[in-house]
Structure formats: C-alpha cells, structure tokens
Amino acid sequence: MPVKIRLARVGRKKVVQYRVVAADSRMRRDGRFLETIGFYDPQTTPKTFTFNTDRVTYWIKNGAQPTVTVKNLLDQDRFFEKMEGAEKGLSPEQMSLERLPERKRKPKPKKEKK
C-alpha cells in the first residue's frame, strides 16, 4: 500500500485549515486516512503548523512519501536536520535548530486587459 503524508482540508467555506495525515495515496483528499500526525493553519500570521515528530519519523522510515507542500513545511521546521541529529545521538538542545521564517513570495504580475 503506497502511503503519502499529505494535507486533508477541514474547516468551513473560506476558513481553510488542514490536518497533516498519513493516507493511502489512492484515497480522496479528504477521504479515509490512516493517522492524523499534524495540523496546519495557513490563515494565521505567521502561518502555524505542528507535527507529531515521533509519528512523522515512523511513517517516513516505513516508506511514506511526503507531498511537496508537506515537505516544504517539514523543511521550514528543519525536521530532516533534527531527524539526522537524533540518529547521531544528539539532543535537541545540542542541535539548537530554530524554525525558519516563512518564505516571502513575489506578487504575481497583473495581466493586461485587451
């Protein structure tokens, strides 16, 4: 069974929030999933997200593939660096890794009307 770590949308219309879930890749976006392993709220300033690092590590070690968006969130949280440090036997205090700031996006160019 191919497992993906991806976002599942929750919340009402125009008030979007996401759960970070481990799900079978053949299931729908908001369909059945194996486990909830985090939360992401893109509408707060700064954007908030939390992960259960033990469960994310478990799923990645067992072959789950994060989607592009989830991988970007994990990179921003420096999750993979923390995981490598934990494998080497370093404590979180020794690594002293802070969460990276949000990426600044360039505004999209406006299309000219004919």
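Values quoted throughout were computed directly from the atomic coordinates according to the rules given, and no laboratory measurement underlies them. As the structure is a computational prediction, the values presented were derived from the model and not from experiment. Here the Cβ is made from the backbone with ideal geometry for all residues, glycine too, and neighbour counts use every protein chain on show.
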Counting sequence-distant residues (5 or more places) and residues on other chains, those with an amide H built under 5 Å from that of Glu35 are Ala22
Between the residues Trp59, Val10, Ile37, the Cα farthest towards the positive end of the dipole of the chain, that dipole coming from +1 and -1 charges on the beta-carbon of Lys, Arg, Asp and Glu, is from Val10
Over the chain, the sum of -39500 (n - 2.57) across DSSP H runs of at least four, divided by residue number and rounded to 500 deg cm²/dmol, gives at 222 nm -7000 deg cm²/dmol
Calc'd 3J(HN,Hα), segment 46-52, phi into Karplus 6.51 cos²θ - 1.76 cosθ + 1.60 (θ = phi - 60°), Hz, glycine/Pro = x, comes to x, 4, 9, 8, 9, 9, 8
Taking N as the residue count of segment 3-91, its alpha carbon Rg divided by 2.2 N^0.38 Å gives 1.11
Listed by chain and number, the aspartates and glutamates with an alpha carbon less than 14 angstrom from that of Lys4, same-chain partners under 8 positions apart left out, are Asp24, Asp30, Glu35
